[in-house]
Amino acid sequence: MANLKEVRNRIGSVTSTQQITKAMKMVSAAKLKRATNAIVQLRPYADKLKELLSNLSASLEDGSSPFLADRVPNKVLIVTVSSNRGLAGAFNANVIKTANNLIAEKYSDQLKAGNVSIISIGKKTQEYYERRKYNVIGNNNDVYNNLNFANVSLITETIIQGFLKGEYDRVEVVYNHFKNAAMQFLYTEQLLPVPKPEKKQEEAKGPQIDYILEPSKEEIVEQLIPKNIRIQLYRAVLDSNASEHGARMTAMDKATENAGDLLKALKLSYNQARQAAITTELTEIVSGAAALSSN
């Protein structure tokens, strides 16, 4: 009977877990809908602004804007976009792995010299790099409590000012790009200096349309670049936010399925143990009856 009690307790525990995972899946599904609407609405604007700025900056001379100056990357800033909570599968682990690979492959010398800094948007990467004694700048975990353009722009302003002051020579951002609830892709993008399009890409587009610009091209680019940087980081955060809810919904769905499979196995074990207990009791009753009748 002790075995029966143990199996019964395990069934109750797994049933409770299954109910929790179902509830978490439903919550993530609701949040995913809102997050998906936000990133889908922003993407066309962000892509067009990036394309426009890329076309304009391609024809500018080097040194015409500090945002375009391709300096030797002695000091590097990595912006990691993760989440504040876990239970989202490998969502956060993949961001950390991609950022670590980026540092190891491109900035290992800067890391040895202590010239790699981290800005984490999300508690999980914040804690990871603080435990490993990286130079983690600020704490931006509250941005998800009220995710909007103004709050993300405060982080962007810190990055821009640091770049202009020479505190960083290059800024790269690592985040999950949202495709759908089941698929997210890790992206690494250079935020500063603003990368110019490659000549092959320009040639593939064919002849460029000659626009009459007012005011000058330099002034327009100087106004557009800070706006573009803010928009691109905001898009990365929205992408990551939608990816997080998609990853959590998928993880909770899988956990619910696993709990269901475990319940089936436990119920089978319970029935087998119950049948064994009944058989044992019947055997004892029959043996007792036989002993009494023989006497």
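The values are calculated or read from the model by the stated rules, or taken from the named source; none is laboratory data. Given the structure is predicted, the values throughout are model-derived calculations rather than measurements. Here the Cβ positions follow ideal geometry from the backbone for every residue, glycine too, while neighbour counts run over all protein chains shown. To get the accessible areas, we keep the full protein, side chains included, count just its heavy atoms, and leave off ligands, DNA and RNA. Shrake-Rupley method; radii C 1.70, N 1.55, O 1.52, S 1.80 Å.
Side notes on the structure shown:
- Residues that are over 17 Å from ASN74 (Cβ atoms) and free of Cβ contacts under 8 Å to residues at least 12 places away in the same chain within segment 106-141 comprise GLU127, GLU130, ARG131, ARG132, LYS133, listed in sequence order.
- None of LEU186, LEU213, LEU154 is surrounded by 11 or more Cβ atoms within 10 Å (Cβ to Cβ) and at pLDDT below 90 except LEU213.
- Exactly one residue among ASN151, ASN146, ASN135, ASN100 is under 17 Å from ALA242 (Cα atoms) and of a type in the set (S, T, N, Q), and that residue is ASN146.
- ALA289 vs. criteria in contact with a helix residue (DSSP H, G or I) (Cβ under 9 Å, 6 or more places away or on another chain), open to solvent by 50 Å² or more (accessible area, probe 1.4 Å) and free of Cβ contacts under 8 Å to residues at least 60 places away in the same chain: no
- Matching residues in segment 77-93 - criterion: being part of a helix (DSSP H, G or I) and of a type in the set (A, V, I, L, M, F, W, C): PHE91, ALA93
- Take the conditions (1) surrounded by fewer than 16 Cβ atoms within 10 Å (Cβ to Cβ); (2) modelled with pLDDT under 75; ASN37 misses just one of them, which is (2).
- Any hit, segment 58-76, residues being in a helix (DSSP H, G or I) and modelled with pLDDT of 75 or more: no
- Criterion applied to VAL221, VAL237, VAL286 was being in contact with a strand residue (DSSP E or B) (Cβ under 7 Å, 6 or more places away or on another chain) and assigned to a helix (DSSP H, G or I), and the one residue passing it is VAL237.
- Count of residues meeting criterion [farther than 30 Å from LYS106 by Cβ and either open to solvent by less than 60 Å² (accessible area, probe 1.4 Å) or at pLDDT 85 or above (or both)] in segment 189-210: 1
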